[in-house]
Structures are given as structure tokens and as C-alpha cells.
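What follows is a single structure, written as C-alpha cells, with notes after it.
The values are calculated or read from the model by the stated rules, or taken from the named source; none is laboratory data. Everything numeric here is computed off the predicted structure, so don't read it as measured data. Cβ: placed from backbone, ideal geometry, glycine included. Neighbour counts: every protein chain shown. Protein only, heavy atoms only, side chains kept; ligands, DNA and RNA dropped before computing areas. Shrake-Rupley method; radii C 1.70, N 1.55, O 1.52, S 1.80 Å.
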Amino acid sequence: MSERNRFINLIPIIACVILAAILIWQNFGPKPLAVEPTVPAPIATSPSVTVPASGVLATVNGVELNNEDFAPYLGFWAFYYAMDPENIDSGFGDYFMEQYINEMLQRELFAILEVAVADDYLEQELDMLMYEFFGGDEASQAAIMDEFGFNEETVRTALHHAMLAQEYRAQLINEIYTTFDEEDFYEAYLSYQDYFTNPEDAISASHILVETEAEAEEVLARLQEGEPFANIAAELNPDSTRYTGGKLGVFYRNTMVQPFEEAAFALTEPGEISGIVPTNYGFHIIQLHTIYPIGSVWSFEDALEQIPDLLAQEIYNNTMDDLWSSANIVWNP
């Protein structure tokens, strides 16, 4: 695996984080989920030679990258990461220069594979993202964009690319689900043992989530009568866990809201069920599945949900390595 591929952050779903999440996903390989993403170090291995053309920062397969194209892009990411626009670190600039080139190569790939997202979906996500950034304050929006040197079209282009990358990722995962059998997934599980080895204490658990305490009391009564936890979760949960019987997978401390985390980590026996746990999201009932001490390895069952993502990442990494090695890149540092 190349130095360009060292980090993965899986399945962020809202517009205000999709950009950074996909930026990380499309450039870095597996690493334990407990590690928080950071702005990565500049790529050091891209092909490069100095070119004399003034104002041309690079050419990628004959397409010029000019400063007027790159400056708004860099300005947007400086705003996103709360950088001082007057004092952008050179390493930050170098990384995003190479990221821009990476995206140029990706756009060629997406065009060949006919990866697309609907225009109305793009505009919906853009509206959400702009509101997350500026809260509907047009004067503030104009002032910030002017300070950092980008405009709404810059944001649209960045978001569109991120959404194309997310769609491509989804297509890879779907292909993996349709072509791999359980034996293939188990072989992948064995090959990713380092990824599934816990760097700190963790647990796997499920939850049932309802809106009111009265509903939670009814759930506890149903559980006491012997109704399967997963069946109730599939019936009642308002989030995506309804499709997995309430399973949350493996998680570490400081990754869940505090009351939920305290209740989950207080459980001591597999199969044990908590009382009612109120959070800002509603009222939870938690079932413990497995306790994972530091250095232990996730079970195949707990790892299975993550394996298609890791395989998709590996396919993507190999594809991008091929694109970089075969690309005609002329670089002006």
C-alpha cells in the first residue's frame, strides 16, 4: 500500500462532514476507527518535474492547473479547517495542491465509469452545507467568501466531487456484496487482523431507541416477556440500525454521547440489557454483545459489516495508484 493510502474514516452521512470524510476516504487506507481524522501530511511520491510556464502550477494528462483555478479551492479548504487565510502553512498548501491533482485524475475515472449524482440531490446537499457554514446570514457569507477567496461555485464543485466519490464507493461496496461469499469475507477478515485488533477497550452492543419514557417502559416489558431484542429494534428504531436489529457494532469510549456510553460500558455480561437510558436523541435500551479488552480481536460477526468498506478501499487505492503511476503529470512546485 502506498504512502498516499494510510487512513480511512467510514460512513459519515451529513452534509457538514461529507467533504472532509470523503477527502480522507479517497486518499488513505485502513486504520483503527478510534483514531480521529486530522489534516494529512503532504503526499511525497507524486511524479513531478519543474516547468517554466508562468501561472501554470501543473499539467495533468495535458490539462493545465492554473493558480486562478487552485486559489479558490485552497481558500475554501483553509476556511473549512479554520486556517488564517493570510498565513496558510506551506505543507497545507502542498497537500491540497496534490489533492487537487488527485481529484483531476478521479474525475477522469468517474467519467469513464459514468459515476453520477442527481442535480437536485446535489443542490439539496449544497443548501444544507451552506446553511451549516453560514446559518443563512448572507452578509457574513459574502464577507467570509471574500476573505478566503472562494465562492458558492467553489463549494458546489468540491461537494459534487465528494458526492461522486461517495457514489463510486457505494458502487464498489455493492459489487463486493454481490460477488463475495462468506468464505471470501472470512479470508478478508483474516487479512485485516491488525485493523480489527483493539488499540483500547471496546464493546459491541445493540440499542432500541424510542421517543418517550413511556414507550421505553413498554419495550422493557416486551423484553421481559421474552420478545427478541432485534425484532423490537427492527420495528421501532428511527435510525439506520433498524435494518440491523439495533446493532451498533464495535465502539470505543468517547465515541458515544456520555449517558449512553456510561450505561453501555457498565454492562458486564454478554446478552445483558440495560435499563432506560435518556439522551438528547430519546430513550435507549442497550444490549451488550461482546467486551473487547485492549489487544483483543473483533469477532468475525462484528467485523463483517466493516469488511466490504475495507475491500472497497483496497480496490480504490489500487486504482488510484495505477492512475498516478500512468498519468503524465508535470509539476511546478
*asked:* Within region 174-191, does at least one residue satisfy the condition of being open to solvent by less than 70 Å² (accessible area, probe 1.4 Å), in a strand (DSSP E or B) and either within 22 Å of Tyr316 (Cβ to Cβ) or in contact with a strand residue (DSSP E or B) (Cβ under 6 Å, 6 or more places away or on another chain) (or both)?
replied: no
*Restricting attention to region 192-213, which residues are assigned to a loop (DSSP other than H, G, I, E, B) and of a type in the set (Asp, Glu)?*
Asp194, Glu200, Asp201, Glu211
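A quick yes/no check of all residues on (1) of a type in the set (Lys, Arg); (2) open to solvent by 40 Å² or more (accessible area, probe 1.4 Å); (3) farther than 18 Å from Asn280 by Cα; (4) part of a strand (DSSP E or B):
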{"site": "Glu215", "(1), (2), (3), (4)": "no, yes, no, no"}
{"site": "Glu218", "(1), (2), (3), (4)": "no, yes, yes, no"}
{"site": "Leu223", "(1), (2), (3), (4)": "no, no, yes, no"}
{"site": "Glu227", "(1), (2), (3), (4)": "no, yes, yes, no"}
{"site": "Asn231", "(1), (2), (3), (4)": "no, yes, yes, no"}
{"site": "Pro238", "(1), (2), (3), (4)": "no, yes, no, no"}
{"site": "Arg242", "(1), (2), (3), (4)": "yes, yes, yes, no"}
{"site": "Leu248", "(1), (2), (3), (4)": "no, yes, no, yes"}
*Only one of (1) surrounded by fewer than 17 Cβ atoms within 10 Å (Cβ to Cβ); (2) of a type outside the set (S, T, N, Q); (3) at pLDDT 85 or above fails for Val35. Which number is that?*
(3)
*Would you check if there is a residue in region 129-152 being in a helix (DSSP H, G or I), open to solvent by 70 Å² or more (accessible area, probe 1.4 Å), at pLDDT below 95 and polar (S, T, N, Q)?*
no
_Can you tell me which residue is farthest from Ile208 (Cα to Cα) among those in region 250-278 that are in contact with a His (Cβ under 9 Å, 6 or more places away or on another chain) and not β-branched (Val, Ile, Thr)?_
Pro270
*Inspect all residues belonging to region 258-268 and state whether any of them is in a loop (DSSP other than H, G, I, E, B), open to solvent by 60 Å² or more (accessible area, probe 1.4 Å) and charged (D, E, K, R).*
no
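Just for region 290-333: of the residues that are small (Gly, Ala, Ser) and within 24 Å of the chain's Cα centre (by Cα), which one is most open to solvent (accessible area, probe 1.4 Å)?
Ser299
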_For region 100-116, check the following and say yes or no: at least one residue is open to solvent by 70 Å² or more (accessible area, probe 1.4 Å) and among the hydroxyl-bearing types (Ser, Thr, Tyr)._
no
_Between a residue in region 153-173 that is on the phi > 0 side of the Ramachandran plot and any residue that is modelled with pLDDT under 90, which pairs come within a Cβ distance under 6 Å, given they are 6 or more apart or on different chains?_
none
